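As structure tokens, the structure follows; a few thoughts come after it.
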Amino acid sequence: IMDGQSDRRTVIDGETHRLELDLRRGLGNGWEIGANLPLLRHSGGFLDQPIEDWHSFFGLPNGNRDRLPRNRLLFSQRSPDGSRFVVDSDGGGIGDLQLAISRELGDGLALRTTLKLPTGDSDRLTGSGAAALSGSLHVSGRFSDRLHWHASGGVWVGDDSDVLQSRVRSAVAFGSTTLAWATGNTLVLKAQLDSNSALYEGTGEPLNRASVQLSVGAAFRIAPDWALDIGFSEDIAVETAPDIVFHASLQHRF
């Protein structure tokens, strides 16, 4: 991916696998605490050809994917001041730990605050190298007994990260909206839109642009206290997010 300017060049080509442990605990009186610890690994992967076939079948844009080497790992950004960030070898590790606290404000209304700690390695691109704080408001409701909706929005603030130092915006807005249709007692179909304002400035395209992603999936109740959630997402604002993301989560209620 190139932004077309001679003094700036951005290449984002690779695959990332992310495994998360997410724990939440209700404290009573509408309070909840949580912790999320990710494990990440970057590699050249194996999905370039299937993704090209997917885009071709549905008539989706392929960008310049067909002009790049297949199954290559290269995350690179060069700025006008000569600074450069490069990850071109497989690797990974523990990501940034997130600690959250939520408070129910009323029926279908909640406020959440999240603190991200720099436990990851910025050189391996498993963390940003800086702490960040976010606050978000969450609203839920229903159109009918089977059709539910959820919306949320908030702001993230943080210090300059070790990745593209001084290029990270000090504040980023984000939001999400979800529709969920319960087809029965064991299956829920879902569609979700996620968006955020630009994370960087002065880096050229595509990092200077806001992002929009569409996710579709389904949640299955496989036992009274167990649920399986699967789905995938596509970048609606092309080249501002991964071409495609597959996700699956196994949830247990204690």
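Of all the criteria given as (1) of a type in the set (Gly, Ala, Ser); (2) closer than 21 Å to GLY153 by Cα; (3) surrounded by fewer than 14 Cβ atoms within 10 Å (Cβ to Cβ), the one not satisfied by GLY184 is (2). Out of SER128, SER152, SER136, SER161, one residue alone is open to solvent by less than 60 Å² (accessible area, probe 1.4 Å), farther than 30 Å from ASN185 by Cβ and assigned to a strand (DSSP E or B). It is SER136.
Of all the residues in segment 1-44, those that are at pLDDT below 95, basic (Lys, Arg) and touching an Asp or Glu at 6+ places or on another chain (Cβ under 8 Å) number 1.
Here is a check on your reading of the model: is SER102 in contact (Cβ under 8 Å) with a residue 60 or more places away in the chain and among the hydroxyl-bearing types (Ser, Thr, Tyr)?
The answer is yes for SER102.
When segment 93-121 is limited to residues that are over 17 Å from the mean Cα position of the chain (by Cα) and closer than 19 Å to SER43 by Cα, the one that is surrounded by the fewest Cβ atoms within 10 Å (Cβ to Cβ) turns out to be GLY93. Take segment 35-57 and flag every residue that is open to solvent by less than 60 Å² (accessible area, probe 1.4 Å) and over 18 Å from the mean Cα position of the chain (by Cα). Passing the criteria: GLY44, GLY45, LEU47, ASP48, ILE51, GLU52, HIS55.
The values are calculated or read from the model by the stated rules, or taken from the named source; none is laboratory data. Nothing here was measured: the structure is a model prediction, and the numbers come from that model. With ideal geometry, Cβ positions are generated from the backbone for all residues, glycine too; neighbour counts draw on all protein chains shown. Keep in mind that these areas ignore ligands, DNA and RNA; they rest on the heavy atoms of the full protein, side chains included. Shrake-Rupley method; radii C 1.70, N 1.55, O 1.52, S 1.80 Å.
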